[in-house]
Every structure is written in C-alpha cells, then in structure tokens.
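Colleague: After the structure tokens below, expect a handful of questions from me.
The values are calculated or read from the model by the stated rules, or taken from the named source; none is laboratory data. No experiment lies behind these values; they were computed from the predicted model shown. Positions of Cβ are backbone-derived with ideal geometry, glycine not excepted, and every protein chain shown enters the neighbour counts.
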Amino acid sequence: MKIKLISFDVWGTLLNLDLMITSFINSLNELIGEDASIGVMEVRERIKELRRKFELKPGKDFESSQELLAEKLNTEIDVIKRAAAKATLKIDESIVIGGADQVLRFVEENGLKSIIIGNVMFWPSSYTRLILERFGLAEYIGRQYYSDEVEAYKPMKEIFLKPLSEFGMNPSEAVHVGDSFFEDFQGALNAGLHAVLISRRSKPEILHERGFVIEDIRELITLLKREF
C-alpha cells in the first residue's frame, strides 16, 4: 500500500510530555505556594477518561482542563494560564524527543506529507506551535491540527478524517504515529488509517493488519521502508 501522508501526535511522540508536565507543575507550585502535582495528575486522568467515553464536548478539552484544575487547586483560571506560559518559557531543547528531527527529515526527503494531529490539555495549541517552531520541527510539518482548533479530539474519527479530506486522500493512504493506545492507535485504526504505536515497554510487533508497535520513534524509518 502506498502511503502518502504521515500524521504525528506531538506530546510523548515528538516532544517530551513528562518534561513539560514537570515544568507546568513547578510553575504552578511557585504561583500558589503549594504542591500542585496530585491535582494536575488527577485532572489529567479525568480529562482522558472523558475523552475515552466521548463525554467531553468537542473543542472544549483545553478549557475544561483549565477550569477543572483551577477548581481542584482552589485558585483562579488566570493562575493556570500563567503557569502554562511560564512552563513554556522555561523549557529547553531537551524537550525534543531523540530522533524526532531525524524521522521528520526522512519523511520530507522521501516525498511524504507530514502533519500534526494533537489533543490539548492545560496549555493551548498555540504554545505547542511555538515550541515546534522554536526547536526547528515545524519546518518539516505541513499542517497542524489540534483539538482546541478543529472541534474534535482523539480518538474521534473526525479529527483523523478532516486532514485527509483537505488533502484529498483516503484513510488507507495515511498512517498515524502516537504513544497513546486508545487515542492514537485505536483512534486511527477506527478511522481507517494505518497506525503505529510508540510503546517504550513493548517489543516491536504487528498488532493489527494495519497496526504496528515500535519502541523508539527512530524505528519508524525502518518500518516505513519495510511495510510501505
């Protein structure tokens, strides 16, 4: 099957989510004067649960996460917004996952289109766009689609199919790469795309006729050469 387009998740796939969450929590701690880590992780799991059950209003995952966190921490939403801004300013180039730029270059050099399909929580997609620009990844990416901009979130089919419609492609001509089994892998398969799950705890294998598992994003290069 000829693949023409590769969509990438951002956080946990191209950028290190753990580092960003740590930066966000540290910024919150500075602003509220107490440990916000438990509250952040509880709200994060709540938003992910709502997505799994499709109970979150499309386009509202970002706003909902900030509102729930402000309530959990008994603080103002503006404090959450400030913490997100401070966290974004603090990060450095270590936020880029090893091999991400190498893979994006390979995709571009081989005439494939690269896009981003990402969910948003705590900080807006505009901050993620800035980070991708700041560390040189955005130059390899044709378009970026985020849940707070397109009014759909992973694993909804709509967020996977909207880009394909714009590019005039069939789902079978695209592969989505991400680190979440439900949001990225299962979501892409349900929408008819090929899917690659990055699981750093699993050995490379084939999980589905259109689904593959790799341990490191750099293994995507070998997979593309072999399977597509």
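Colleague: Taking the condition of being surrounded by 21 or more Cβ atoms within 10 Å (Cβ to Cβ) and either over 24 Å from Glu63 (Cα atoms) or not assigned by TED's automatic domain parsing to the domain that holds Glu209 (or both), how many residues in segment 142-188 meet it?
Modeller: 7
Colleague: If you scan segment 97-121, which residues turn out to be more than 27 Å from Lys60 (Cα to Cα) and among the aliphatic types (A, V, I, L, M)?
Modeller: Within segment 97-121, Ile97, Ala100, Val103, Leu104, Val107, Leu112 qualify.
Colleague: Would you list the strands (runs of 3 or more DSSP E) that sit entirely within segment 181-228 and hold 1 or more residues that are touching a strand residue (DSSP E or B) at 6+ places or on another chain (Cβ under 9 Å), over 20 Å from Phe160 (Cα atoms) and modelled with pLDDT under 85? First the steps, then the outcome.
Modeller: Numbers: elements: 194-198, 205-208, 211-214.
In segment 181-228, 205-208 are the strands (runs of 3 or more DSSP E) which contain 1 or more residues that are touching a strand residue (DSSP E or B) at 6+ places or on another chain (Cβ under 9 Å), over 20 Å from Phe160 (Cα atoms) and modelled with pLDDT under 85.
Colleague: Let me ask something else. Within segment 1-34, count every residue that is hydroxyl-bearing (Ser, Thr, Tyr) and surrounded by fewer than 18 Cβ atoms within 10 Å (Cβ to Cβ). Write out each step before concluding.
Modeller: Residues of segment 1-34 that are hydroxyl-bearing (Ser, Thr, Tyr), as a first pass: 7, 13, 22-23, 27.
Subset that is surrounded by fewer than 18 Cβ atoms within 10 Å (Cβ to Cβ): 22.
So the count comes out to 1.
Colleague: Quick one: is Glu55 of a type in the set (Asp, Glu) and either under 30 Å from Arg105 (Cα atoms) or at pLDDT 95 or above (or both)?
Modeller: no
Colleague: Does segment 156-178 contain any residue that is closer than 22 Å to Ser94 by Cβ and modelled with pLDDT of 95 or more?
Modeller: yes
Colleague: Among (1) buried (at least 18 other Cβ atoms within 10 Å of the Cβ); (2) within 17 Å of the chain's Cα centre (by Cα); (3) farther than 27 Å from Glu55 by Cβ, which single condition is Phe212 missing?
Modeller: (2)
Colleague: Which one of these is of a type outside the set (D, E, K, R), in the same structural domain as Glu42 (by TED's automatic domain parsing) and surrounded by 15 or more Cβ atoms within 10 Å (Cβ to Cβ): Ala100, Ala84?
Modeller: Ala84
Colleague: Which count do you get for residues in segment 1-50 that are among the small types (Gly, Ala, Ser), outside any loop (DSSP other than H, G, I, E, B) and free of Cβ contacts under 8 Å to residues at least 40 places away in the same chain? Can you show your working first?
Modeller: Step one: of segment 1-50, the residues among the small types (Gly, Ala, Ser) are 7, 12, 23, 27, 33, 36-37, 39.
With outside any loop (DSSP other than H, G, I, E, B) added as a condition, the list becomes 7, 23, 27, 37, 39.
After this cut, where a residue has to be free of Cβ contacts under 8 Å to residues at least 40 places away in the same chain as well, the list is 37, 39.
Residues that pass the stated criteria total 2.
Colleague: Identify, please: which residue in segment 132-175 is among the β-branched types (Val, Ile, Thr) and part of a helix (DSSP H, G or I) and is, among those, nearest to Phe106 (Cα to Cα)? Let's see the steps before the verdict.
Modeller: The first filter runs over segment 132-175 and keeps only residues among the β-branched types (Val, Ile, Thr), leaving 141, 150, 159, 175.
Then keep just the ones that are part of a helix (DSSP H, G or I); that gives 150, 159.
Working: Val150: 28, Ile159: 25 Å.
If we take residues in segment 132-175 being among the β-branched types (Val, Ile, Thr) and part of a helix (DSSP H, G or I), then Ile159 is nearest to Phe106 (Cα to Cα).
Colleague: Filter segment 54-73 down to the residues that are part of a helix (DSSP H, G or I) and either surrounded by 17 or more Cβ atoms within 10 Å (Cβ to Cβ) or small (Gly, Ala, Ser) (or both) and list them by number.
Modeller: Hits for segment 54-73 are Asp61, Phe62, Ser64, Ser65, Gln66, Leu68, Leu69, Ala70, Leu73.
Colleague: Can you tell which of Asp18, Asp9, Asp35, Asp61 is more than 29 Å from Asp101 (Cα to Cα) and acidic (Asp, Glu)?
Modeller: Asp35
Colleague: Could you pull out the residue among Ala36, Ala100, Ala84, Ala70 that is touching a strand residue (DSSP E or B) at 6+ places or on another chain (Cβ under 8 Å) and either aliphatic (A, V, I, L, M) or more than 26 Å from Glu183 (Cα to Cα) (or both)?
Modeller: On inspection, the qualifying residue turns out to be Ala100.
Colleague: Given (1) without any contact (Cβ under 8 Å) to a residue 40 or more places away in the chain; (2) in a helix (DSSP H, G or I); (3) touching a strand residue (DSSP E or B) at 6+ places or on another chain (Cβ under 6 Å), identify the lone condition not met by Arg129.
Modeller: Only one criterion in (1) without any contact (Cβ under 8 Å) to a residue 40 or more places away in the chain; (2) in a helix (DSSP H, G or I); (3) touching a strand residue (DSSP E or B) at 6+ places or on another chain (Cβ under 6 Å) is unmet by Arg129, namely (3).
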